[in-house]
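Below you'll find the structure, written out as structure tokens, and then a few comments.
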Amino acid sequence: MRLSMRRIVQLICCAIATMMAFHMGHHMWECQQILNENGGWFHGRRTHSVMKPEREEFVMFNSNHIEFRYSKNMPLIFIGGVPRSGTTLMRAMMDAHPDIRCGEETRIIPRVLAMRQVWSKSEREKMRLNEAGVTDQVLDSALQAFILEVIAKHGEPAKFLCNKDPFTLKSLIYLSRLFSKSKFILMIRDGRASVHSMITRKVTIAGFDLSSYRDCIIKWNRAIEIMYSQCIEVGPSRCLSVYYEQLVLHPKKTMEKIMTFLDIPWSDAVLHHEDLIGKAGGVSLSKCVCILFCLCSPFLRTLCGYAIHHVHDQYEKALSEW
């Protein structure tokens, strides 16, 4: 009698286990179907290792309720160069164009790019990031989305967006990979004039000793060498070198060349940016920027000449003492 009861209990337990296994298997199959239908997303969480962006673009509206769509494949414009080389003048002239919006310096983009370079150069740090699952692909995707959103949302929407952070072009090649349709404008000015402007205007630049002309000239040379070599590497279809002196002396000719390079229709407004400073839809300047915008004026030509000769004398003196 005991034996038969024992067998009955075993049979009941086996039946229950079989039913539970069947029920769990069926439930898992249903879950898998739901995951496949929702592209691998369940309750807001990714269930497998392949990551895809939730959205490829985002939409913005200007004050006139006109829709603008921005994505990583849009033709972004990056303006850069050593500070005091005409980058602000260039972006002000670009901002005057009705279809372009550059806006003020973000300051954050070149710093984030510099951090990315530090991580990539340190083998130890790179190994730790890879072990944590923070691969180059993850970092690039995150930076791509971050940079695009900062550029798009720190000013009014426009058909063409540009960014002016001077040292951003130190990462020109990397940016050209992140944004395949982007173009770059490298502003170049006589190093002696740039250094003179830095020192006389007391423009604080990380790594530049404003008490030494020689130090500033050396730092200027290193910075422009890095940016210029990358500009050459990406090629003339993606990067255009613009000389500040030519822009000042021949603004229309230079701007026509730039607009052709960018494949943007010409507008005479770029030659009258000073009339749009501080106006709605015009050129915005931060309170920290105090620059006299003038083109082809005898005053500016004389000033450029004075700067070059003054720094030349100071640099020769520094070399003799060295």
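Calculate the radius of gyration of the Cα atoms of the range 104-181 to one decimal place, then report Dmax, the largest Cα-Cα distance, as a whole number, both in Å.
13.6, 43
From the C-alpha coordinates alone, can you work out the Kirkwood hydrodynamic radius of the range 146-263, in Å?
Values: mean 1/r = 0.0629 Å⁻¹.
Averaging 1/r across every pair of different Cα atoms and inverting gives 15.9 Å.
I'd like the accessible area for Thr260, computed on protein heavy atoms only with a 1.4 Å probe and all protein chains in place. Round to 10 Å², please.
110 Å²
Residue by residue, what Karplus-based ³J(HN,Hα) values in Hz, rounded to whole numbers, does the range 266-277 have, using 6.51, -1.76 and 1.60 with θ = phi - 60° and x for Gly and Pro?
Calculated HN-Hα couplings, in order: 5, 9, 5, 4, 5, 8, 10, 4, 5, 7, 10, 5 Hz.
Between Asp136 and Ile226, with labels modelled 7 Å along Cα→Cβ, what's the label distance in nm to one decimal, could you check?
1.9 nm
At 1.4 Å probe size, what's the solvent-accessible area of Arg69? Round to the nearest 10 Å².
130 Å²
Post the alpha-carbon centroid distance, the range 174-201 to the range 213-262, in whole angstrom.
6 Å
Rounded to the nearest 10 Å², what accessible area does Asp209 show when all protein chains are kept and the probe is 1.4 Å?
70 Å²
Counting only residues 5 or more places away or on other chains, whose amide H sits under 5 Å from the amide H of Ile188 once H atoms are built in the peptide plane?
Long-range HN contacts for Ile188: Val242, Tyr243, Tyr244.
What is the ratio of the Cα radius of gyration of the range 147-209 to 2.2 N^0.38 Å, where N is its residue count, to two decimals?
Details: Rg = 14.9 Å, N = 63, 2.2 N^0.38 = 10.6 Å.
Here the answer is 1.40, to two decimals.
The values are calculated or read from the model by the stated rules, or taken from the named source; none is laboratory data. In this text the structure is predicted, and so the values were computed from the model without any measurement. Cβ coordinates were reconstructed from backbone atoms using ideal geometry, including for glycine residues, and neighbour counts include every protein chain displayed. Just the protein is used for accessible areas: all its heavy atoms, side chains included, with ligands, DNA and RNA removed. Shrake-Rupley method; radii C 1.70, N 1.55, O 1.52, S 1.80 Å.
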